[in-house]
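In what follows, a single structure is set out as structure tokens and then discussed.
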Amino acid sequence: MMGHGPQESDAPAIGVTPGATRTIHGRGDTAPTTHRGITVVELLLGLALGAILAGAGALNAARLLATIRLPLGARQLASDMSLARATAVLRNTRARVTFDGDHYSVHFDAGEPREMEVALQPGIHVASVPRSGSVRFFPTGRADNGTVVLARDWGGRRSVVVNQRGRIAVR
């Protein structure tokens with residue numbers, strides 16, 4: 001029949017076998033495919049969000065580390081003072097712990113060659129010392145009364161207190 005519109009024919013199209021289905025991307029299905037994966041924009045947004053979260057985490061980790069350093073520095077100072085006291089008693093000499101900004105030194109009298117200098121943790125400094133600028137320990141185990149205050153650069157303080165009996169406490 002000749003008509004004005006396209007005509008359907010029972011004859012197969014050239015190169016197509018009757019009853020065959022068309023495969024898409026070699027998977028054998030005939031349904032339209034949806035692309036799986038992410039776009040470049042989605043990838044960049046994910047990377048930007050990850051970078052922001054990592055930066056915030058790094059700032060919090062640095063602050064936490066600085067918070068931990070102050071009590072550690074105070075305990076280290078108390079421990080070194082206890083060592084100076086024990087050495088003064090053991091060697092029957094005097095020991096002196098002196099302070100200067102971000103470090104302290106232990107000196108022994110009577111020609112003792114053992115001296116030690118200790119740097120405080122980063123961000124920690126000596127905020128206050130006894131009037132003499134040092135704490136002395138005697139061969140009897142006794143000591144000068146004194147309080148040494150350590151402080152963080154951005155706030156917070158810990159005191160190391162020495163009484164006349166040579167007892168050392170961290171507050």
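Restricting attention to segment 95-127, the residues being over 23 Å from residue 70 (Cα atoms), crowded, with 18+ Cβ neighbours inside 10 Å and in contact with a Phe, Trp or Tyr (Cβ under 9 Å, 6 or more places away or on another chain) number 1.
Filtering segment 65-96 to residues that are in contact (Cβ under 8 Å) with a residue 24 or more places away in the chain and hydroxyl-bearing (Ser, Thr, Tyr) leaves 67, 82, 87, 93. Answer with yes or no whether residue 70 is open to solvent by less than 30 Å² (accessible area, probe 1.4 Å), of a type outside the set (Val, Ile, Thr), modelled with pLDDT of 95 or more and not in a loop (DSSP other than H, G, I, E, B). The answer is no for residue 70.
Yes/no per residue for (1) part of a helix (DSSP H, G or I); (2) closer than 14 Å to residue 134 by Cα; (3) out of contact with any Lys or Arg (no Cβ under 8 Å at 6 or more places or on another chain):
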residue	(1), (2), (3)
59	yes, no, yes
62	yes, no, yes
80	yes, yes, yes
106	no, yes, no
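Spot the failing condition for residue 140; the list is (1) within 31 Å of the chain's Cα centre (by Cα); (2) modelled with pLDDT of 95 or more; (3) among the polar types (S, T, N, Q), and only one is missed. Here residue 140 meets the rest and fails (1). Residues considered: 126, 149, 160, 135. Of these, the only one that is over 30 Å from residue 62 (Cβ atoms) and assigned to a strand (DSSP E or B) is 135. Of the residues making up segment 128-155, those that are touching a residue at least 24 places away in the same chain (Cβ under 8 Å), closer than 19 Å to residue 102 by Cα and open to solvent by less than 30 Å² (accessible area, probe 1.4 Å) number 6.
The values are calculated or read from the model by the stated rules, or taken from the named source; none is laboratory data. Since the model is a prediction, treat every value here as computed from it, not as a measurement. Every residue, glycine as well, gets a Cβ built from its backbone with ideal geometry; the counts of neighbours run over all protein chains shown. Protein only, heavy atoms only, side chains kept; ligands, DNA and RNA dropped before computing areas. Shrake-Rupley method; radii C 1.70, N 1.55, O 1.52, S 1.80 Å.
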